[in-house]
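Worksheet: one structure, shown below.
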Amino acid sequence: QVQLVESGGGLVQPGGSLRLSCTASVSGSFFSINAMGWYRQSPGKERELVVVITSGGTTNYADSVKGRFTISRDNAKNTVYLQMNSLNAEDTAVYYCNAKISAAFTGWRSRDYWGQGTQVTVSS
């Protein structure tokens with residue numbers, strides 16, 4: 001009923017940039033994507049919020065990425081983009097796309113859906 005497809009990860013040198021994208025495919029015509037965002041998880045660490053953007057455009061960034069990462073959203077395409085600049089080794093992680101969706105098949109409650117994850121490695 002919901003599929004999140006991510007792309008754009010890879011290997012980049014410190015100081016470099018990457019752009020991630022995530023597209024949500026949702027069954028049916030009546031649904032609401034309340035928010036989309038990105039989380040990341042490094043080995044031995046818990047998954048952490050990177051940034052989220054609501055349907056109204058409100059954003060919430062982790063302090064560690066403020067000023068370096070920018071999220072944008074194309075509501076018509078149900079797609080979010082994460083532009084990551086000035087990457088450093090601490091940004092190395094698997095990045096997961098998240099969507100909070102309400103629909104008939106969720107009982108109109110907002111539920112979390114996750115992408116499969118995309119690896120970002122920052123290394124020289």
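The values are calculated or read from the model by the stated rules, or taken from the named source; none is laboratory data. In this text, all values refer to a predicted model and were calculated from it rather than measured experimentally. Cβ placement follows ideal geometry from the backbone for every residue including glycine, while neighbour counts extend to all protein chains displayed. All accessible areas refer to the heavy atoms of the entire protein, side chains included, with ligands and DNA or RNA removed. Shrake-Rupley method; radii C 1.70, N 1.55, O 1.52, S 1.80 Å.
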(message) Can you tell me which residue is most open to solvent (accessible area, probe 1.4 Å) among those in the range 58-80 that are assigned to a loop (DSSP other than H, G, I, E, B) and more than 16 Å from GLU6 (Cα to Cα)?
(response) LYS66
(request) Return yes or no: is VAL94 β-branched (Val, Ile, Thr) and closer than 22 Å to LEU11 by Cα? (result) yes
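Here is a yes/no grid of residues against (1) touching a Phe, Trp or Tyr at 6+ places or on another chain (Cβ under 9 Å); (2) touching a residue at least 12 places away in the same chain (Cβ under 8 Å); (3) farther than 14 Å from CYS22 by Cα:
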residue	(1), (2), (3)
CYS97	yes, yes, no
PHE105	yes, yes, yes
ARG109	no, no, yes
TRP114	yes, yes, no
THR121	no, yes, yes
SER124	no, yes, yes
(request) Scan the range 28-48 for residues that are over 17 Å from ALA76 (Cβ atoms) and open to solvent by 60 Å² or more (accessible area, probe 1.4 Å) and jot them down. (result) GLN41, PRO43, GLY44, LYS45, GLU46, ARG47, GLU48
(request) Check the range 27-37 and report whether any residue there is without any contact (Cβ under 8 Å) to a residue 24 or more places away in the chain and in contact with a Phe, Trp or Tyr (Cβ under 7 Å, 6 or more places away or on another chain). (result) no
(request) Would you be able to tell me the number of residues in the range 14-54 that are under 21 Å from ASP112 (Cα atoms) and assigned to a loop (DSSP other than H, G, I, E, B)? (result) 8
(message) Among (1) open to solvent by 60 Å² or more (accessible area, probe 1.4 Å); (2) polar (S, T, N, Q); (3) at pLDDT 95 or above, there is one condition SER55 misses while meeting the rest; what is its number?
(response) (3)
(request) Just need a number here: residues in the range 32-49 that are under 24 Å from PHE105 (Cβ atoms) and over 12 Å from the mean Cα position of the chain (by Cα). (result) 3
(request) Would you check if there is a residue in the range 14-22 being touching a residue at least 40 places away in the same chain (Cβ under 8 Å), surrounded by 12 or more Cβ atoms within 10 Å (Cβ to Cβ) and basic (Lys, Arg)? (result) yes
(message) Suppose we keep only residues that are assigned to a strand (DSSP E or B) and open to solvent by less than 50 Å² (accessible area, probe 1.4 Å) within the range 1-13. Which one would you say is farthest from TYR113 (Cα to Cα)?
(response) VAL12
